[in-house]
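The values are calculated or read from the model by the stated rules, or taken from the named source; none is laboratory data. As the structure is a computational prediction, the values presented were derived from the model and not from experiment. Using ideal geometry, Cβ is built from the backbone for each residue, glycine included, and neighbour counts are taken over all protein chains shown.
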């Protein structure tokens with residue numbers, strides 16, 4: 001009986017020993033030379049293709065979401081696209097606010113009182129109008145997008161935001177930080193050019209430029225579809241870009257791990273309650 005037990009234990013140890021190399025092969029190596037790929041929302045026509053590339057390449061990114069018009073469905077953060085966002089959360093991506101109305105800062109409105117801004121949404125009921133917003137209005141718009149992201153992904157978004165177009169002022173950034181949001185821009189080399197006209201900036205040119213200039217630590221920005229670009233950037237450039245950067249020894253991480261933001265993310269979790277309509 002004891003001999004049989006010894007045999008079984010020996011077999012178990014042998015199986016465990018054989019499994020260790022397999023586990024070592026499947027575990028991803030540590031990311032020591034990261035770049036931070038981010039996507040802002042767009043018309044979503046290429047979103048499923050982008051998701052396929054990211055999953056195939058096992059790349060994690062950070063999505064900045066506003067509630068924008070889409071080619072299909074009821075907007076980027078509507079019910080039509082909710083399963084898409086849920087699936088990205090299950091894959092381990094990160095999410096953050098891009099303002100609910102894709103609201104562009106145009107100017108500080110010092111003539112209208114302290115803490116007021118001229119804002120021009122490109123989505124929503126007041127798209128195309130220049131509005132006068134208080135700091136609270138802007139914060140509510142940030143939170144509205146974050147709250148909807150939490151609803152559709154089932155996870156808390158990061159306490160970060162990206163202003164549409166990257167347009168900000170020192171006052172706007174201070175107001176956003178007061179309500180829990182730190183701003184994220186992008187590196188010069190990280191502007192991937194998918195917003196540019198494809199006749200003047202063809203995909204091959206954009207790919208070559210990105211592979212030539214991107215360095216460790218850069219934040220990269222692209223979009224989930226650009227209405228004006230005739231030859232879509234994604235997925236045509238996305239996969240060879242990822243493969244090329246990997247070949248240079250770079251790896252990909254979300255903004256949770258970025259040294260400029262990781263402490264803020266850990267120390268300032270968003271508190272998202274019921275929100276009023278931020279538009280006035």
Result of the Cβ filter at 8 Å on segment 60-89, keeping first residues that are free of Cβ contacts under 8 Å to residues at least 12 places away in the same chain and on the phi < 0 side of the Ramachandran plot and partners that are loosely packed, with under 14 Cβ neighbours inside 10 Å and assigned to a loop (DSSP other than H, G, I, E, B), at least 6 apart or interchain, is 80/72; 80/74
- prompt: Looking at segment 188-196, is at least one residue more than 26 Å from residue 75 (Cα to Cα) and in contact with a strand residue (DSSP E or B) (Cβ under 7 Å, 6 or more places away or on another chain)?
  reply: yes
For segment 172-196, pairs from a residue that is touching a residue at least 40 places away in the same chain (Cβ under 8 Å) and on the phi > 0 side of the Ramachandran plot to a residue that is surrounded by 18 or more Cβ atoms within 10 Å (Cβ to Cβ) and not in a helix (DSSP H, G or I), with Cβ under 9 Å and 6 or more apart or across chains, are 180/159; 180/270; 193/222; 193/233; 193/237
Quick count over segment 149-163, residues being part of a helix (DSSP H, G or I) and buried (at least 24 other Cβ atoms within 10 Å of the Cβ), is 1
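Of 103, 89, which residue is surrounded by 15 or more Cβ atoms within 10 Å (Cβ to Cβ), in contact with a strand residue (DSSP E or B) (Cβ under 6 Å, 6 or more places away or on another chain) and modelled with pLDDT of 95 or more?
Within the list 103, 89, the selection yields 103.
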Exactly one of 117, 95 is closer than 21 Å to residue 186 by Cα and either modelled with pLDDT under 95 or surrounded by 18 or more Cβ atoms within 10 Å (Cβ to Cβ) (or both), and that one is 95
Cβ pairs under 7 Å, 6+ apart or interchain, first in segment 93-111 and free of Cβ contacts under 8 Å to residues at least 60 places away in the same chain, second in a strand (DSSP E or B) and surrounded by 17 or more Cβ atoms within 10 Å (Cβ to Cβ), ordered by first then second residue, are 109/116; 109/117
Could you tell me whether residue 49 is in contact with a helix residue (DSSP H, G or I) (Cβ under 7 Å, 6 or more places away or on another chain) and surrounded by fewer than 23 Cβ atoms within 10 Å (Cβ to Cβ)?
-> no
